[in-house]
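These notes are about the structure you will find just below.
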Amino acid sequence: MADRPTLTTTAGAPVSDNQNSRTAGERGPVLLDDYQLLEKLAHQNRERIPERVVHAKGWGAFGTLKITGDISKYTKAMALQPGTETPLLLRFSTVAGELGAADAERDVRGFALKFYTSEGNWDLVGNNTPVFFVRDPLKFPDFIHTQKRHPRTNMRSTTAMWDFWSLSPESLHQVTILMSDRGLPVAPMYMNGYGSHTYSFWNDAGERFWVKFHFKTQQGHKFYTNAEAETLIGKSRETYQEELFGGIERGEFPKWTVQVQIMTETQAEQTSYNPFDLTKVWPHGEFPPLEIGVMELNRNADNYFAEIEQAAFSPSNVVPGIGHSPDKMLQARVFSYADAHRYRLGTHYEALPVNQPKCPVHNYHKDGQMNFFGQKSGNVDAYYEPNSFSGAVEQPSAKEPPLKLSGDADRYNHRIGNDDYGQVTALFNLFDAGQRSRLFSNIAAAMDGVPGAIIERQLVHFQRVHPEYEAGVRAALKEAHGYEASTISQEEKGVAAE
Ligand code: NDP
Ligand code: HEM
């Protein structure tokens, strides 16, 4: 025992006995002055922090981004210059399940990246899908409510999901991907990641380009069928953690090819679709992906709580040369994540080791709970700005080029003039017979218990994508649940005209 460290209280005093509480007599009650016991119990009561309101269940690892292509004409970001290597953290997640949810559940997967660049942290908080369920942030909390538990039954409600989706045709693209093979990957390394939103690049000349980020798996796509996943979950609920953690421990480092699609500001005015609409992709034929590098995961966290649970990713974290775009969803996310982190982790969440930038940080924020680092302005007397005490000053070269905006401030109906079906048809046309058949049966399974009026309303959307989509789901519903067409009028379905 001589070579082992001494157990101490949090105040550093040695602990003489960690097996027996201090009691009045051998059989007597515990004494209130047994501070060691009190400290242990009090700490235990504070071991849990709020789980993420969405994407609670996750798996993460550290790695590197290596840039091999040359996109220096589009962006001045140091991390994207040829030959640069940047350390990163990648956290994968499911969206709806709570912290203890089974890994192999059909759901969209989060793909959250934190690049520790020399110019500050750049976070790309994406998914394994290139699009999303809603295009206006006002609908995000409503959508998430349909994925979480019903207030009365405290169970998830298929009715709520399909009610919302059938009344929100912009969700159809993402719903189709979710119900396809890619909605249930075998493990995180067998799926792509997408930045999903349109972001921007800007260069030293002050020119802006719109950009989409893609991370293509080098392990190939592998998926489970519903039946396979059900059997698997019966045996283990932690299959993603086992595969990701175990693989990295064995030296099997997963890799992704990094690609960008670039659109000029002029091109953005000419596309038939809104290039800032998160329910749309940029077709590869029009905007070919450029390969710019490779991303590898090669190190597990040593403490899951400290490094993965306390990780705070936010789309607000961009660096010079990378910016946001007019995507309405993105503006809401710029607010929402840092707000969630202040609530979930506390005021100084960015000073936690996993979130701390690997470059100098200087600002004039002051005090606050758990401030263990004093003033960060660069000089103790500089706690306001401007000052005469060599405190940190602004850096004009970090200024983003101006963005021209126009239009009247108003609430514009995003369901008017948006084609919610064309790109879904393009996707459906990519599916072979087996993929289509699994799509139909996955949807039928997910519609268990949904009232006929809602099912019929959703079938109208499938029909608008492709007659075979509607017919296939209808047949699968009959096979799975004995479902027969209900006699519901177009009016009752509440489907807007195409
Ligand atoms: P392309 O044929 O050039 O691109 C097809 C893309 O679809 C590829 O990136 C491919 O990914 C991906 N894909 C293939 N099978 C599936 C699947 N089962 N679920 C999800 N994605 C799949 O055509 P377009 O660029 O015109 O896109 C056609 C449709 O493909 C889109 O409407 C969209 O639904 C989907 N898609 C498009 C993407 C884009 O950025 N353009 C990205 C992802 C999907 P992979 O290379 O990994 O096989
Ligand atoms: C997590 C809000 C859309 C991907 C979260 C969290 C919030 C949130 C509050 C929890 C953050 C935390 O506690 O750390 C929103 C809002 C959205 C939105 C308001 C739309 C208006 C999206 C979209 C994507 C996405 C479009 C992907 C393209 C993620 C991921 C996480 C997450 C991957 C988990 C991050 C992690 O691993 O810590 N979101 N979200 N979200 N969101 Fe969103």
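Looking at the stretch 107-148, which of the residues that are buried (at least 21 other Cβ atoms within 10 Å of the Cβ) and in contact with a Pro (Cβ under 6 Å, 6 or more places away or on another chain) is farthest from Arg182 (Cα to Cα)?
Residue satisfying both the conditions and the ranking: Asn121.
I'm checking my understanding of the structure. Among residues of the stretch 293-315 that are more than 17 Å from the chain's Cα centre (by Cα) and aromatic (Phe, Trp, Tyr), which one is farthest from ligand 1 (Cβ to nearest atom)? If you could, list the steps in order and put the result at the bottom.
Looking only at the stretch 293-315, we keep the residues that are more than 17 Å from the chain's Cα centre (by Cα), and these are 293-306.
Next, only the ones that are aromatic (Phe, Trp, Tyr) stay: 304-305.
Numbers: Tyr304: 30, Phe305: 33 Å.
Taking the candidates together, the pick is Phe305.
Answer with yes or no whether Glu484 is assigned to a helix (DSSP H, G or I), over 27 Å from the mean Cα position of the chain (by Cα) and under 26 Å from Ala227 (Cα atoms).
On the way: assigned to a helix (DSSP H, G or I): no; over 27 Å from the mean Cα position of the chain (by Cα): yes; under 26 Å from Ala227 (Cα atoms): yes.
Here the answer is no, as Glu484 does not meet what is asked.
Which numbered condition trips up Pro315, out of (1) at pLDDT 95 or above; (2) out of contact with any Leu (no Cβ under 7 Å at 6 or more places or on another chain)?
(2)
Could you list, in sequence order, all residues of the stretch 110-137 that are in a loop (DSSP other than H, G, I, E, B) and within 16 Å of ligand 1 (Cβ to nearest atom)?
Here is the first cut: in the stretch 110-137, the ones in a loop (DSSP other than H, G, I, E, B) are 119, 128-136.
Selection gives Asn128, Thr129, Pro130, Val131, Phe132, Phe133, Arg135.
Out of curiosity, is Asp277 charged (D, E, K, R), part of a loop (DSSP other than H, G, I, E, B) and either farther than 30 Å from Arg135 by Cβ or more than 22 Å from the chain's Cα centre (by Cα) (or both)?
Numbers: charged (D, E, K, R): yes; part of a loop (DSSP other than H, G, I, E, B): yes; either farther than 30 Å from Arg135 by Cβ or more than 22 Å from the chain's Cα centre (by Cα) (or both): no.
When the stated conditions are applied, Asp277 does not pass them.
From Ser397, Ser314, grab the single residue that is surrounded by 13 or more Cβ atoms within 10 Å (Cβ to Cβ), among the hydroxyl-bearing types (Ser, Thr, Tyr) and in contact (Cβ under 8 Å) with a residue 60 or more places away in the chain.
Working: Ser397 fails: surrounded by 13 or more Cβ atoms within 10 Å (Cβ to Cβ).
Sole residue among the options that is surrounded by 13 or more Cβ atoms within 10 Å (Cβ to Cβ), among the hydroxyl-bearing types (Ser, Thr, Tyr) and in contact (Cβ under 8 Å) with a residue 60 or more places away in the chain: Ser314.
Return the residues of the stretch 148-185 that are hydroxyl-bearing (Ser, Thr, Tyr) and in a helix (DSSP H, G or I); say none if nothing qualifies. Outline the logic, then answer.
Residues of the stretch 148-185 hydroxyl-bearing (Ser, Thr, Tyr): 153, 157-159, 166, 168, 171, 176, 180.
Once the filter is applied, which keeps residues that are hydroxyl-bearing (Ser, Thr, Tyr) and in a helix (DSSP H, G or I), the stretch 148-185 yields Thr158, Thr159, Ser166, Ser171, Thr176.
Would a scan of the stretch 323-334 turn up a residue that is closer than 16 Å to Pro130 by Cα, of a type outside the set (Lys, Arg) and not in a loop (DSSP other than H, G, I, E, B)?
yes
Considering only residues that are of a type in the set (Val, Ile, Thr), more than 16 Å from ligand 1 (Cβ to nearest atom) and under 19 Å from Thr146 (Cα atoms), which ones fall in the stretch 417-474?
Val450, Ile454, Ile455
With the structure loaded, tell me whether Glu47 is closer than 30 Å to Pro87 by Cα and either exposed (fewer than 10 other Cβ atoms within 10 Å of the Cβ) or within 16 Å of ligand 1 (Cβ to nearest atom) (or both) or whether it fails that test. Lay out the reasoning, then the answer.
Values: closer than 30 Å to Pro87 by Cα: yes; either exposed (fewer than 10 other Cβ atoms within 10 Å of the Cβ) or within 16 Å of ligand 1 (Cβ to nearest atom) (or both): yes.
Answer is yes for this residue.
For the stretch 79-89, state whether one or more residues are touching an Asp or Glu at 6+ places or on another chain (Cβ under 7 Å) and assigned to a loop (DSSP other than H, G, I, E, B). Quick ask: steps written out before the conclusion?
So in the stretch 79-89, the residues touching an Asp or Glu at 6+ places or on another chain (Cβ under 7 Å) come out as 82.
If we keep only those that are assigned to a loop (DSSP other than H, G, I, E, B) too, we end up with 82.
Yes, the conditions are met somewhere in the stretch 79-89.
Just to check your reading of the model, which residue among Pro185, Pro169, Pro254 is within 14 Å of Phe111 (Cβ to Cβ) and away from ligand 2 (no atom under 16 Å from the Cβ)? Lay out the reasoning, then the answer.
On the way: Pro185 fails: away from ligand 2 (no atom under 16 Å from the Cβ); Pro169 fails: within 14 Å of Phe111 (Cβ to Cβ).
Just a single option satisfies the conditions, and that option is Pro254.
Determine if the stretch 271-289 includes at least one residue that is more than 16 Å from ligand 1 (Cβ to nearest atom) and touching a Phe, Trp or Tyr at 6+ places or on another chain (Cβ under 8 Å). Please lay out each step first, then the result.
Taking the stretch 271-289 as the starting set, the residues that turn out to be more than 16 Å from ligand 1 (Cβ to nearest atom) are none.
Checking the stretch 271-289: not a single residue is more than 16 Å from ligand 1 (Cβ to nearest atom) and touching a Phe, Trp or Tyr at 6+ places or on another chain (Cβ under 8 Å).
Under 8 Å by Cβ, and 6 or more places apart or on different chains, what pairs join a residue from the stretch 461-482 that is loosely packed, with under 15 Cβ neighbours inside 10 Å with one that is among the aliphatic types (A, V, I, L, M)?
So the pair list comes out as Glu479/Ala444.
Output the number of residues of the stretch 419-441 satisfying the condition of being assigned to a loop (DSSP other than H, G, I, E, B) and either touching a strand residue (DSSP E or B) at 6+ places or on another chain (Cβ under 6 Å) or free of Cβ contacts under 8 Å to residues at least 60 places away in the same chain (or both).
In the first step, residues of the stretch 419-441 are kept if they are assigned to a loop (DSSP other than H, G, I, E, B); the result is 419-421, 431-432.
Then keep just the ones that are either touching a strand residue (DSSP E or B) at 6+ places or on another chain (Cβ under 6 Å) or free of Cβ contacts under 8 Å to residues at least 60 places away in the same chain (or both); that gives 432.
So the answer is 1.
Report yes if Ser325 is within 16 Å of ligand 1 (Cβ to nearest atom) and in contact (Cβ under 8 Å) with a residue 60 or more places away in the chain, otherwise no.
On the way: within 16 Å of ligand 1 (Cβ to nearest atom): yes; in contact (Cβ under 8 Å) with a residue 60 or more places away in the chain: yes.
When the stated conditions are applied, Ser325 passes them.
The values are calculated or read from the model by the stated rules, or taken from the named source; none is laboratory data. Just so it is clear, the model here is predicted, and its values are computed rather than measured. Note: ideal-geometry Cβ built from the backbone for every residue, glycine included; neighbour counts use all protein chains shown.
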